[in-house]
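Note sheet for the following structure.
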Amino acid sequence: MKERTLSIIKPDAVEKNKIGAILSKFEDAGLRVVAAKRLHLTSEQAGAFYAVHKERPFYGSLCEFMTSGPVLVSVLEGENAIARNRELMGATDPAKAADGTIRKLYATNIERNAVHGSDAPETARVEIGFFFNGLELPPME
Ligand code: CMP
């Protein structure tokens, strides 16, 4: 089924100049970048985006990391885009990520893990709407 998912290339990977390398991974796997922008998140924006993790011990540090430099947010479209993106990213903890995955290649640790991807259709809808308005999103092809 054709889907859309939200991707964030996090400050650690942007700092390593890996935006192009990571977008190429998506494209080589058949996903299409249908919207994208580079942003420097405020604490309020990072806190709101990760509100589901508010009670976790790592929340404060995660928000600090996510505001430490620019990010590249994008919408990926393709067959099973949500699962496909998650396969490409690899496990949250790069120490557990499979060889060749984005996190294995570019992440530093479980927090500075290079990329974020939506985990389910409803999350994808909410996360895409968090960063992109209707005018910025072309209709599904
Ligand atoms: P992400 O997929 O963006 O979703 C939540 C983020 O919280 C995750 O990637 C990591 O950046 C971070 N995270 C998850 N688990 C931990 C943890 N145990 N310690 C620190 N950060 C974490």
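Every number in this text was worked out from the coordinates using simple rules, so none of it is lab data. Note that the structure is predicted; figures quoted are calculated from it, not measured. In this analysis, Cβ positions are derived from the backbone assuming ideal geometry, glycine residues included, and neighbour counts consider all displayed protein chains.
Output the number of the condition that residue 134 fails; it satisfies all remaining conditions of (1) within 23 Å of residue 38 (Cβ to Cβ); (2) surrounded by 12 or more Cβ atoms within 10 Å (Cβ to Cβ).
(2)
Being within 16 Å of the ligand (Cβ to nearest atom) and β-branched (Val, Ile, Thr): is that true of residue 123 here?
Here the answer is yes, as residue 123 does meet what is asked.
Name the residues in segment 82-95 that are out of contact with any strand residue (DSSP E or B) (no Cβ under 6 Å at 6 or more places or on another chain) and either within 14 Å of residue 111 (Cβ to Cβ) or among the aliphatic types (A, V, I, L, M) (or both), would you?
83, 88, 91, 92, 93, 94, 95
Quick one: in segment 1-18, of everything that is more than 14 Å from the ligand (Cβ to nearest atom) and within 22 Å of residue 80 (Cα to Cα), which residue is farthest from the chain's Cα centre (by Cα)?
Only one residue fits best here, namely 1.
Filter segment 87-113 for residues that are of a type in the set (D, E, K, R) and more than 12 Å from residue 29 (Cα to Cα); which is farthest from the ligand (Cβ to nearest atom)?
If we take residues in segment 87-113 being of a type in the set (D, E, K, R) and more than 12 Å from residue 29 (Cα to Cα), then 99 is farthest from the ligand (Cβ to nearest atom).
Keeping to segment 121-141, report how many residues are outside any helix (DSSP H, G or I) and closer than 17 Å to residue 80 by Cβ.
Looking only at that region, the number is 2.
For segment 5-56, which residues satisfy the criterion of being aromatic (Phe, Trp, Tyr), touching a Phe, Trp or Tyr at 6+ places or on another chain (Cβ under 8 Å) and crowded, with 20+ Cβ neighbours inside 10 Å?
49
Limited to segment 37-69, what total is found for residues that are among the polar types (S, T, N, Q) and near the ligand (Cβ under 8 Å from one of its atoms)?
Matching residues across segment 37-69 total 1.
So which of 124, 107, 81, 51 ends up being among the hydrophobic types (A, V, I, L, M, F, W, C), on the phi < 0 side of the Ramachandran plot and more than 13 Å from the chain's Cα centre (by Cα)?
51
Somewhere in segment 99-106, is a residue surrounded by fewer than 18 Cβ atoms within 10 Å (Cβ to Cβ) and closer than 18 Å to residue 6 by Cβ?
Checking segment 99-106: not a single residue is surrounded by fewer than 18 Cβ atoms within 10 Å (Cβ to Cβ) and closer than 18 Å to residue 6 by Cβ.
Could you grab me the full set of residues in segment 83-141 that are of a type in the set (Lys, Arg) and touching a Gly at 6+ places or on another chain (Cβ under 6 Å)?
Those that are of a type in the set (Lys, Arg) and touching a Gly at 6+ places or on another chain (Cβ under 6 Å): 86, 103, 104.
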